[in-house]
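S.K.: Got a structure for you, written out below as structure tokens; questions coming shortly.
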Amino acid sequence: MCLAIPMEIVKIKGDTAMARADGLEREVDVRFLKDVKKGDFVVIHAGFAIEKIDKKNAEETIKLYKEMKR
Amino acid sequence: MKYVDEFRDKGLIKNVAEKIKEAVNPKKSYRFMEVCGTHTMSIARFGLKHLLPPNVKMLSGPGCPVCVTPTSFIDKAIAYAGLKDTIIATFGDMVKVPGSTYSLQEVRAETGNIKVVYSTLDALKLASRNPGKRIVFLGVGFETTAPTIAAAIMEAKSKGVDNFFVLSGHKVMPPALKALVKDKDPRIDGFILPAHVSAIIGARPYAFISERYGISNVIAGFEPLDIMQGIYMLIKQIEDGDPRVDIQYNRVVRAGGNKVAQNILKRVFDSVDAEWRGLGVIRASGLRIKREFSRIDAEKNFKTKSRTVSRTGTGAEINLPRVRDAADKGCICGKVLKGLSEPKDCKLFGKGCTPEHPIGACMVSSEGTCSAWYLHL
């Protein structure tokens, strides 16, 4: 029940934004986020963006996994 | 980057599995609990248990909101559904959960006034579109979901939507974890802590687990690679003799959590003792709607009473059935939720109790441990 889906913000007006993932767009509420803007990736839970995705940390995590190769 | 597929890469998952094998001490056993039902589901779906060494055991915890919602909450919702001009709005996960006598799904076939919504804001729109009806939203979920309900409550008040009500069955995670570690049975060496609960509350509310009880913790994402790395980090903490709270899921979780959401929670809810199916009543583990918002609190506006059905003034008295728990039928969901038993230990598992015909809550929710075992193991 605590699943949240990564989506990209494509349009934003006040607390309401359009977000996209896998070619699908839906309206989401961004009132929990400060300074969210077009192009940001966020995680969506029950219609609300609950946090922004930190791109740098995500890339570093993947890099770390790749370096784990023996 | 899409932030999903990259974290399901089989080659990378195998790399982490190798690292785990190298890191474990073969003379020791490691017992880890994944607290959240979404983790349980992911572990089952991606077959992660098969990638772990035999001395690393994963136990499932109580972090499935639908599973820990007590029968009495469902009974109350069903009683509300029986009232005139009343519509129950709920997340889809709740409709199959058995109450004492019926589930909401069974009642829906009869009354047609139970609507599944995706978001609380949809429930609020339902209220605006149906001015002659009372909309009761079933507020279930942990800290991930509770801010979204709090936001709807604030909006209903500010916009003066006077036919929108919330029955709050919300729960918070840290007191339940405290109850588990205080119990000392089962033995738990480390926790894989919830991903999105932690996105809201951050890492600090879990500090007592390592500081007071010496148990290791990692906040891990829900993708298989996240979980495997979380397990690896737990083993490292144990082998280094340094229990703490690490954040593996640092692409989303900040140490301090989401302050805006935390403030909205504090604005709308007070903490209250709450009943968890299987765990009993846990001190300060629930969220009650503050008095300021009592116009929206279903419990303040709809009075419940046993046996008789009658209407009084603006509120209504409703009939609650005798509580007959699934435990009466031999269901061991309570033990499963505490990590004391596994689904295979239950005589009903896969026989009288299946996802199509669930008896206990652990089989109802797709994230329940029994359902995850039945579908994927």
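S.K.: Starting with the highest mean, order B:361-369, A:18-26 by the number of other Cβ atoms within 10 Å, averaged over the residues of each peptide.
M.R.: Working: B:361-369: 28.0, A:18-26: 13.1.
Highest-to-lowest ranking by the protection proxy: B:361-369, A:18-26.
S.K.: Would you kindly state how much longer the chain becomes between B:D270 and B:Y213 on full extension, computed as 0.36 nm times their sequence separation minus their alpha carbon distance, in nm to one decimal?
M.R.: Details: separation 57, 0.36 × 57 = 20.52 nm, distance 2.72 nm.
My answer for the length gained is 17.8 nm.
S.K.: Just list whichever of B:K182/B:K344; A:K56/B:K259; A:K11/B:K236; B:K2/B:K76; B:K57/B:K178 have alpha carbons separated by over 31 Å in the model shown.
M.R.: Working: B:K182/B:K344 26 Å; A:K56/B:K259 21 Å; A:K11/B:K236 43 Å; B:K2/B:K76 42 Å; B:K57/B:K178 21 Å.
Pairs exceeding the cut-off: A:K11/B:K236; B:K2/B:K76.
S.K.: For the residue pair B:N263 and B:R129, what label-to-label distance in nm results when each label sits 7 Å from Cα along the Cα-to-beta-carbon direction?
M.R.: Output for this residue pair reads 3.3 nm.
S.K.: Where Lys and Arg each count +1 and Asp and Glu each count -1, what net charge lies around B:A284 among other residues with Cβ under 11 Å from its Cβ?
M.R.: Details: positive: B:K171, B:K178, B:R283, B:R288; negative: B:D270, B:D273.
Counting the neighbours of B:A284, the net charge comes to +2.
S.K.: Hey, another quick one. Taking a ≥ b ≥ c as the square roots of the eigenvalues of the Cα gyration tensor of chain B, is the shape rounded (a/c under 1.5), prolate (a/b larger than b/c) or oblate?
M.R.: Details: a/c = 2.06, a/b = 1.63, b/c = 1.27.
Note, shape of chain B comes out prolate.
S.K.: Plugging the Kirkwood radius over Cα pairs into Stokes-Einstein for the stretch B:234-287, at a temperature of 37 °C and a viscosity of 0.692 mPa s, what D comes out in µm²/s?
M.R.: On the way: Rh = 14.4 Å.
Value of D from the Cα-based Kirkwood radius: 228 µm²/s.
S.K.: Mind listing the long-range amide H neighbours of B:D246? Cut-off is under 5 Å, sequence gap 5 or more, other chains count too, H placed in the peptide plane at 1.01 Å from N.
M.R.: Excluding prolines and chain starts, which carry no amide H, the hits are B:N217, B:V218, B:I219.
S.K.: Just to confirm a number: summing +1 for Lys and Arg and -1 for Asp and Glu over residues other than B:G339 whose beta-carbon lies under 13 angstrom from that of B:G339, what do you get? Write out the running numbers ahead of the final one.
M.R.: Details: positive: B:R31, B:K57, B:K184, B:R187, B:K335, B:K338; negative: B:E34, B:D183, B:D185, B:D189, B:E342, B:D345.
Computed value for this residue: 0.
S.K.: Inside 10 Å of the C-beta atoms of A:29-37, what's the mean count of C-beta atoms belonging to other chains? Display every interim value, and only then the final one.
M.R.: Details: counts 7, 0, 8, 12, 3, 3, 0, 0, 0.
For peptide A:29-37, the averaged partner shielding equals 4.
S.K.: Per the Kirkwood formula on distinct C-alpha pairs, the Rh of the protein assembly as shown is how many angstrom? Let's see the in-between values first.
M.R.: Values: mean 1/r = 0.0444 Å⁻¹.
Across the protein assembly as shown, the inverse of the average 1/r is 22.5 Å.
S.K.: Checking the a/c ratio against 1.5 first, then a/b against b/c, what shape does the Cα gyration tensor give for the stretch B:206-247? Write out the running numbers ahead of the final one.
M.R.: Details: a/c = 3.54, a/b = 1.63, b/c = 2.18.
Verdict is oblate for the stretch B:206-247.
S.K.: Then there is this: How much length, in nm to one decimal, is gained on full extension between B:L340 and B:S29, taken as 0.36 nm per residue of separation minus their Cα-Cα distance? Before the final figure, lay out the partial values.
M.R.: Numbers: separation 311, 0.36 × 311 = 111.96 nm, distance 1.65 nm.
Length difference between fully extended and current span is 110.3 nm.
S.K.: Also, I was wondering about something else. Calculated FRET efficiency, B:D240 and B:K300, Cβ-Cβ r, R0 60 Å, to nearest 0.05? It would help to have the intermediate numbers written out before the result.
M.R.: Details: r = 51 Å, r/R0 = 0.85.
Using R0 = 60 Å, I get an efficiency of 0.70.
S.K.: Mind listing the lone cysteines of the protein assembly as shown, meaning no other Cys beta-carbon sits under 4.7 Å from theirs?
M.R.: So, A:C2, B:C36, B:C331, B:C346, B:C353.
S.K.: Which whole-Hz ³J(HN,Hα) couplings does the stretch B:60-71 yield from phi under the Karplus relation 6.51 cos²θ - 1.76 cosθ + 1.60, θ = phi - 60°, glycine and proline marked x?
M.R.: Going residue by residue, I get 8, x, x, x, 10, x, 5, 5, 8, 5, x, 3 Hz, with x marking Gly and Pro.
S.K.: Now for a separate question. Which angle from 0 to 90°, rounded to the nearest 10, does the C-alpha axis of helix B:224-240 make with the longest principal axis of chain B?
M.R.: With both axes taken from Cα atoms, the answer is about 60 degrees.
S.K.: Let me ask something else about it. Give me D for the stretch B:1-85 in µm² s⁻¹, whole number, from Stokes-Einstein with Rh from the Kirkwood sum over alpha-carbon pairs, 20 °C and 1.002 mPa s.
M.R.: Values: Rh = 16.1 Å.
Translational D for this selection: 133 µm²/s.
S.K.: Right, another one. Treating the angle as unsigned and between 0 and 90°, give the value, to the nearest 10°, between the Cα long axis of helix B:10-23 and the longest Cα principal axis of chain B.
M.R.: 60 degrees
S.K.: Could you line up B:E292, B:E18, B:E275 from fewest to most neighbouring Cβ atoms inside 10 Å?
M.R.: Ordered from fewest to most neighbouring Cβ atoms within 10 Å, B:E292, B:E18, B:E275 come out as B:E292, B:E18, B:E275.
S.K.: Residues with beta-carbon under 10 Å from that of B:S365, excluding B:S365: net charge, scoring Lys, Arg +1 and Asp, Glu -1?
M.R.: Working: positive: B:K96; negative: B:D93, B:E367.
Combined, the nearby Lys, Arg, Asp and Glu give -1.
S.K.: Classify chain A from the C-alpha gyration tensor, please: rounded if a/c falls under 1.5, else prolate or oblate depending on whether a/b exceeds b/c.
M.R.: Working: a/c = 2.30, a/b = 2.09, b/c = 1.10.
It is prolate, given that a/c is not under 1.5 and a/b is the larger ratio.
S.K.: What does the average come to when, for each residue of peptide B:2-15, you count the partner chain Cβ atoms lying within 10 Å of its Cβ?
M.R.: Numbers: counts 6, 11, 4, 0, 5, 5, 0, 3, 0, 3, 6, 1, 2, 6.
Rounded to a whole number, the mean comes out at 4.
S.K.: In whole angstrom, note down how far apart the Cα centers of the stretch B:66-126 and the stretch A:23-67 are.
M.R.: Using only Cα atoms, the two centres lie 31 Å from each other.
S.K.: Hey, what number do you get for the protein assembly as shown at 222 nm if only DSSP H runs of n ≥ 4 count, each worth -39500 (n - 2.57), divided across all residues, to the nearest 500? Could you put the intermediate results ahead of the total?
M.R.: On the way: 17 runs with 156 residues, N = 447.
Mean residue ellipticity at 222 nm (helix-derived): -10000 deg cm²/dmol.
S.K.: Where does each of A:K52, B:K329, B:K84 land when they are ranked from fewest to most other beta-carbon atoms within 10 angstrom?
M.R.: Working: A:K52 23, B:K329 13, B:K84 9.
In increasing order of surrounding Cβ atoms, one gets B:K84, B:K329, A:K52.
S.K.: Note down, for the stretch B:132-254, the three equivalent ellipsoid semi-axes (square root of 5 times each alpha carbon gyration tensor eigenvalue), biggest first, whole angstrom.
M.R.: Details: eigenvalues 252, 49, 25 Å².
One finds semi-axes of 36, 16, 11 Å for the stretch B:132-254.
S.K.: If you don't mind, there's one more thing I want to ask. Cross-link list B:K14/B:K335; A:K13/B:K115; B:K159/B:K266; B:K125/B:K300; B:K84/B:K303: which exceed 25 angstrom alpha carbon to alpha carbon? Please list the in-between numbers first.
M.R.: Numbers: B:K14/B:K335 32 Å; A:K13/B:K115 29 Å; B:K159/B:K266 20 Å; B:K125/B:K300 22 Å; B:K84/B:K303 14 Å.
From the list (B:K14/B:K335; A:K13/B:K115; B:K159/B:K266; B:K125/B:K300; B:K84/B:K303), the Cα-Cα distance tops 25 Å for B:K14/B:K335; A:K13/B:K115.
Throughout, read-outs are computed from the coordinates displayed, never taken from laboratory work. The structure displayed is predicted, hence computed values, not measured ones. We place every Cβ from the backbone using ideal geometry, glycine too, and count neighbours over all the protein chains shown.
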